[in-house]
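The values are calculated or read from the model by the stated rules, or taken from the named source; none is laboratory data. Since we're looking at a predicted model, the values are computed, not measured. In this analysis, Cβ positions are derived from the backbone assuming ideal geometry, glycine residues included, and neighbour counts consider all displayed protein chains.
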Amino acid sequence: MLPAARGIRPVLSKALKFLFYSASTDPEITRFVDFDSPQKATAGKSHYELFRGWLVFNLLNNNHLVDNSLKYFELSKKFLGLSATERLLKATVFGQFAGGLNERECRRVVRKLADAGVSSIWNYSTEKDLDDVDEVRTEACLAKQDKGFQEVTNKYLKCIKMSADCNGDRGLRLAAVKFTPIVNPQLAMKLNGMLVVSQSVFDQLASKDAVLTDRTISMDTLRKELPALLERGCLEADSGGVSAVQWNQHFSIAGNINRFRLLKKKASVSPDVLSLSSLEMKQINGFLDKLDSIGKCARDHGVRVLVDAEQTYFQRLFDHLVLHHLTPGYNSEGVVIYNTLQAYLKSSMETLMMSLATAASYGVHCGIKLVRGAYMKQERQLARSKGHSETVLPTKQATDDNYNSCLSHLLEQVPNLDLSVIVGSHNQDSIQLAINKMNEFKLSKTDGRVAFGQLLGMGDHLTYPLASAGYLVNKVIAYGTLDDVVPFLSRRAQENRSLMANADREREIYKLELKRRFSSN
């Protein structure tokens, strides 16, 4: 390129930015957000924080270290001890991405974010899997487990109250919860399996010539194939048919769960799969009570709760409980509960459509947080071990395309539905798409129907320019013990590398700002 042409480019770039900024006097419309400024991305950070960020993102660039981070964490505790490991992690990864070990440490981070116009999503970061909790076999075991689940629930309630207290009146008041730490995972997988059976029976009997939300089972088919459902008054006999939404309302975990046994005639599974013991029923009731305590606390304190997504062998159950228990119970006056959709799943658009249809059926508001997903490696390993087809999309590009398709559909529906969306993304193209859609459909930056979210310490080149331009933007404040938070951070590091590939960009931003600061001294 000629020297003169190189000199023209920055002038032309500034001119284009001026034109975009000046294209409208409407404060709700910003056609251009400057995501290329290291100064904006690192505003308020000390020299130490800049160096730490540069170091951490260099570490994230090492795939071996990211993939084996949990193993090295355990080795560090074994050979260095917990105290030394804590100091090491606070100086690196934990210090970059976590709010702290407790609520007191988090308050300092939250206040600093609020000064920059960024709200906080309080997230007590613990999660469980199938191997982490024993199966309940006795009343004593049930009581002991329930005590642990209640302790985590109390932490969630504290997060909600802290969000109400610390976020104040600026932006949104948000808190995040996961379900696996407050329910026995083996029971959750069994309930998930019951819902899979229920869906398979619906698929067998329903019309095949429409998308899931429009498909129905005719009454003639029900009389022939499942007469017990009509004889026991489970379904209305005078309707024109039963839709997928109506079917799921009738076969609800939070409703008359004994109805699942009526499906055994058409289900190719053992009848035991569709029945529950008295101990299991007690666990379910205890779990529902905890969900209600979360919903009530959030509603009473004016906080919105984001229910995080988890592994597919739990996710149908958790989606079901959000759609058929929490959403109708707490979203009647506005959005209190958000469900999370993972765009790397092949089923994500179908889940999105069912979520909108279900909320409309109940006549309540729908809240959806859209993310790419955090369990890709685990999901693929599980599919290979079971010999199943993979539930996740095959490539990063396919995930990006699906995310943007889901995002476009959601934002196009915001003007027409009682719908609120959290754009959970560290991908600049997706963020720009959201901005463009908000401008196209004249969606407010500040009324809470559309907001953005990134993890603390990640995607700052998106977060702070968005806040500066007047958008509602939030940081996830992960906190808790090292044993709780490190697995959470490890999974997100893998997600960032495999789905968003932003580590190079983040590292460069920190390096450029360090060079600017030291060259100006």
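Some notes on this structure:
- Conditions (1) more than 23 Å from Val476 (Cα to Cα); (2) buried (at least 22 other Cβ atoms within 10 Å of the Cβ): number failed by Pro328: (2)
- Count of the range 161-177 residues, restricted to those that are crowded, with 21+ Cβ neighbours inside 10 Å and more than 17 Å from Gly453 (Cα to Cα), is 1.
- The helices (runs of 4 or more DSSP H) falling completely within the range 85-193 that include 2 or more residues that are closer than 24 Å to Ser278 by Cβ map to 139-167.
- Verdict on Leu288 being within 30 Å of Trp122 (Cβ to Cβ) and not in a loop (DSSP other than H, G, I, E, B): yes
- Some residue of the range 398-415 being on the phi < 0 side of the Ramachandran plot and not in a helix (DSSP H, G or I): yes
- Contact map, the range 144-162: first residue touching a residue at least 24 places away in the same chain (Cβ under 8 Å) and under 21 Å from Arg111 (Cβ atoms), second residue hydrophobic (A, V, I, L, M, F, W, C) and assigned to a helix (DSSP H, G or I), Cβ cut-off under 9 Å, separation 6 or more or different chains; pairs are Ile160/Ile294; Ile160/Cys297; Ile160/Ala298; Lys161/Cys297; Met162/Cys106; Met162/Val110.
This table checks each residue for (1) of a type in the set (Lys, Arg); (2) in contact with a Gly (Cβ under 7 Å, 6 or more places away or on another chain).
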{"position": "Arg259", "(1), (2)": "yes, no"}
{"position": "Lys265", "(1), (2)": "yes, no"}
{"position": "Ser268", "(1), (2)": "no, no"}
{"position": "Val273", "(1), (2)": "no, yes"}
{"position": "Leu276", "(1), (2)": "no, no"}
{"position": "Met281", "(1), (2)": "no, no"}
{"position": "Gly286", "(1), (2)": "no, no"}
{"position": "His301", "(1), (2)": "no, no"}
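- Sole residue being assigned to a loop (DSSP other than H, G, I, E, B) and surrounded by fewer than 16 Cβ atoms within 10 Å (Cβ to Cβ), chosen from Asp209, Asp220: Asp209
- Filter result (surrounded by 18 or more Cβ atoms within 10 Å (Cβ to Cβ) and either at pLDDT below 90 or not hydroxyl-bearing (Ser, Thr, Tyr) (or both)) within the range 236-245: Val242, Ala244, Val245
- Of the candidates Leu70, Leu55, the single residue that is over 22 Å from Thr446 (Cβ atoms) and within 25 Å of the chain's Cα centre (by Cα) is Leu70.
- Only one of Leu352, Leu370, Leu341, Leu382 that is buried (at least 20 other Cβ atoms within 10 Å of the Cβ), in contact with a helix residue (DSSP H, G or I) (Cβ under 8 Å, 6 or more places away or on another chain) and part of a helix (DSSP H, G or I): Leu352
- Residue match in the range 295-309 (condition: part of a helix (DSSP H, G or I) and closer than 24 Å to Arg491 by Cβ): no
Yes/no per residue for (1) buried (at least 17 other Cβ atoms within 10 Å of the Cβ); (2) more than 26 Å from Tyr362 (Cα to Cα):
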position: Ile257; (1), (2): yes, no
position: Ala267; (1), (2): yes, yes
position: Ser270; (1), (2): no, yes
position: Ile284; (1), (2): yes, no
position: Phe287; (1), (2): yes, no
position: Lys290; (1), (2): yes, no
position: Ile294; (1), (2): yes, no
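- Residue list for the range 332-387, filter: free of Cβ contacts under 8 Å to residues at least 40 places away in the same chain and under 18 Å from the mean Cα position of the chain (by Cα): Asn339, Gln342, Thr351, Ser355
Residue-wise test of (1) among the charged types (D, E, K, R); (2) in contact (Cβ under 8 Å) with a residue 60 or more places away in the chain; (3) touching a Lys or Arg at 6+ places or on another chain (Cβ under 8 Å); (4) crowded, with 23+ Cβ neighbours inside 10 Å.
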site	(1), (2), (3), (4)
Ile431	no, yes, no, yes
Ala434	no, no, no, yes
Ser444	no, yes, no, no
Asp447	yes, no, no, no
Asp460	yes, yes, no, yes
Tyr464	no, yes, yes, yes
Thr481	no, yes, no, no
Arg491	yes, yes, no, no
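- Considering Lys128, Lys40, Lys45, the condition of being closer than 20 Å to Glu506 by Cα, basic (Lys, Arg) and buried (at least 20 other Cβ atoms within 10 Å of the Cβ) is satisfied by Lys40 alone.
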